[in-house]
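The values are calculated or read from the model by the stated rules, or taken from the named source; none is laboratory data. In this text the structure is predicted, and so the values were computed from the model without any measurement. Note that each Cβ is placed from the backbone with ideal geometry, even for glycine, and that neighbours are counted across all protein chains shown.
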Amino acid sequence: MYNKIYKVNGQDDIDDYMVMENEAYFKYSNLIMKELFNENIARLFKVKNLLNISFIITEQFVYKKRDLFFTNLFTIKIHVLDFNINSREILIKSDFYNANNQLCTIVKSNLLWNNVTEIDVN
């Protein structure tokens, strides 16, 4: 699990009621996924040539349990649910918690990676 605390600052991330919109959840989920992979890519993929890996998000879903307001701090906890090296697929779950540590939203993301030139699975 990997987590990070954020505070939304821009008008792009909110609607008229100051509640985060789906696009904001995708944006922050994708930011933390990039950080997770950047920090752990060699360990996760056991790759010798790190410059040739790219990720494609094939699907993303938002499940809202309660509103998350842009004025509050929130935490994102990211989980790798499934990692299939043969099909090059990864299923990621990003949980968004408010300042009271209440689960507000879940974002599930399906990823594909490509352009891996050398994999050492030993």
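Keeping to segment 94-105, report how many residues are out of contact with any helix residue (DSSP H, G or I) (no Cβ under 8 Å at 6 or more places or on another chain) and closer than 11 Å to Q60 by Cβ. Total meeting the criteria: 0.
What number of residues in segment 58-74 are under 16 Å from N30 (Cα atoms), modelled with pLDDT under 90 and surrounded by 13 or more Cβ atoms within 10 Å (Cβ to Cβ)? Of the residues in segment 58-74, 1 are under 16 Å from N30 (Cα atoms), modelled with pLDDT under 90 and surrounded by 13 or more Cβ atoms within 10 Å (Cβ to Cβ).
Somewhere in segment 65-72, is a residue acidic (D, E) and not in a strand (DSSP E or B)? Within segment 65-72 (the criterion being acidic (D, E) and not in a strand (DSSP E or B)), the answer is yes, since at least one residue qualifies. Restricting attention to segment 31-57, the residues that are modelled with pLDDT of 70 or more and either within 21 Å of S87 (Cβ to Cβ) or in contact with a Gly (Cβ under 6 Å, 6 or more places away or on another chain) (or both) add up to 7.
With respect to (1) at pLDDT 85 or above; (2) closer than 12 Å to V107 by Cα; (3) in contact with a strand residue (DSSP E or B) (Cβ under 8 Å, 6 or more places away or on another chain); (4) of a type outside the set (F, W, Y), the lone exception for K27 is condition (3).
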